[in-house]
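First comes the structure, then the notes that go with it.
The values are calculated or read from the model by the stated rules, or taken from the named source; none is laboratory data. Keep in mind that this is a model prediction, so the values were computed, not measured. Cβ placement follows ideal geometry from the backbone for every residue including glycine, while neighbour counts extend to all protein chains displayed.
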Amino acid sequence: MLLVKKETPSETGFLEIRCFNPLVSTPKSDIKMLKSDFLNPQLVGDTTETIMISMKFGIGDVWVSQDEVKAGEPDNLKWVKLTTTTNTELKLFEDYSFPAVEIPAGTYKSIKITFRNILYRIVELSSDSSVKYELLETMGSTFDPCDSNDESWTQANYFSTDGNHRLENEVFVLAASGEKVGGFTVQSGKKAMITWRLGAGVTETCTNYLIDKNGNREWDCGVDDIKIECPPSVQYMWDFLVDYE
């Protein structure tokens, strides 16, 4: 008699990612009222003192991998894509959420994320929190020329246990050692939840001095400058916390 081996279905669980901005968890912030046609108020002088309260990004796609990104090695990892369509819209960081997706069970060590090149830094006047600015920038530098119609993308960010990486000459290069993913496990039939936190969850914020270099009292990306002073608690751009249901 010919025995037919019964295939065992692969085990799967669920993964959900939520974005969290600790700076808008208090009633003082009403930045969700800012609209796409928002016009910046005039700067108050040669230097305008503000505090940062959020950022508006274009987060395109998100992947995870059970393999580990390592500096000096190529991207030959096996990636599992969590997003079904590529987002091109610029949204406040805290407005992003990535619903639970069914993926193979296992321990994951890396996250890959793509961003649009332009972003907006959201700040409010230190002396009057009702006065807010959306400061157009690029992911590269405040000195880079930028265009609000720019639809280009930056290099992907690769987060792993060693920090945040980028690809250069087809191998990973460590860009920020503090922006780590500690690894997480997706168990069969259960849900893992990642909280992706702006500022690594720190509730203190940075003072942003807007320097009006051409004296027109308007923020001009690629012309004007920002001097940023942060308290010691602010060390990293992001971090990732893991919880399970």
Name the residues in the range 198-232 that are touching a helix residue (DSSP H, G or I) at 6+ places or on another chain (Cβ under 7 Å) and in a strand (DSSP E or B), would you? Leu198
Every pair of residues 6+ apart whose Cβ atoms lie under 6 Å, when the first sits in the range 60-87 and is within 22 Å of Ser152 (Cα to Cα) while the second is surrounded by fewer than 17 Cβ atoms within 10 Å (Cβ to Cβ) and charged (D, E, K, R): Trp63/Lys81
Check off (1) modelled with pLDDT of 95 or more; (2) touching a helix residue (DSSP H, G or I) at 6+ places or on another chain (Cβ under 9 Å); (3) within 20 Å of Gly140 (Cβ to Cβ) for Glu179 and give me the number that stays unchecked. (1)
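One line per residue, one yes/no per condition, for (1) among the hydrophobic types (A, V, I, L, M, F, W, C); (2) in contact with a Leu (Cβ under 7 Å, 6 or more places away or on another chain):
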position: Phe93; (1), (2): yes, yes
position: Lys109; (1), (2): no, no
position: Gln187; (1), (2): no, no
position: Trp196; (1), (2): yes, no
If you check every pair at least six apart or on different chains, which have Cβ atoms under 9 Å apart with a residue in the range 88-101 that is part of a loop (DSSP other than H, G, I, E, B) first and a residue that is surrounded by fewer than 17 Cβ atoms within 10 Å (Cβ to Cβ) second? Thr88/Glu151; Leu90/Ser36; Tyr96/Arg18
Restrict the check to the range 175-183 and report whether at least one residue is over 30 Å from Thr12 (Cβ atoms) and in contact with a His (Cβ under 9 Å, 6 or more places away or on another chain). yes
Tell me whether the range 44-58 contains one or more residues that are surrounded by fewer than 18 Cβ atoms within 10 Å (Cβ to Cβ), in contact (Cβ under 8 Å) with a residue 60 or more places away in the chain and closer than 18 Å to Phe159 by Cα. no
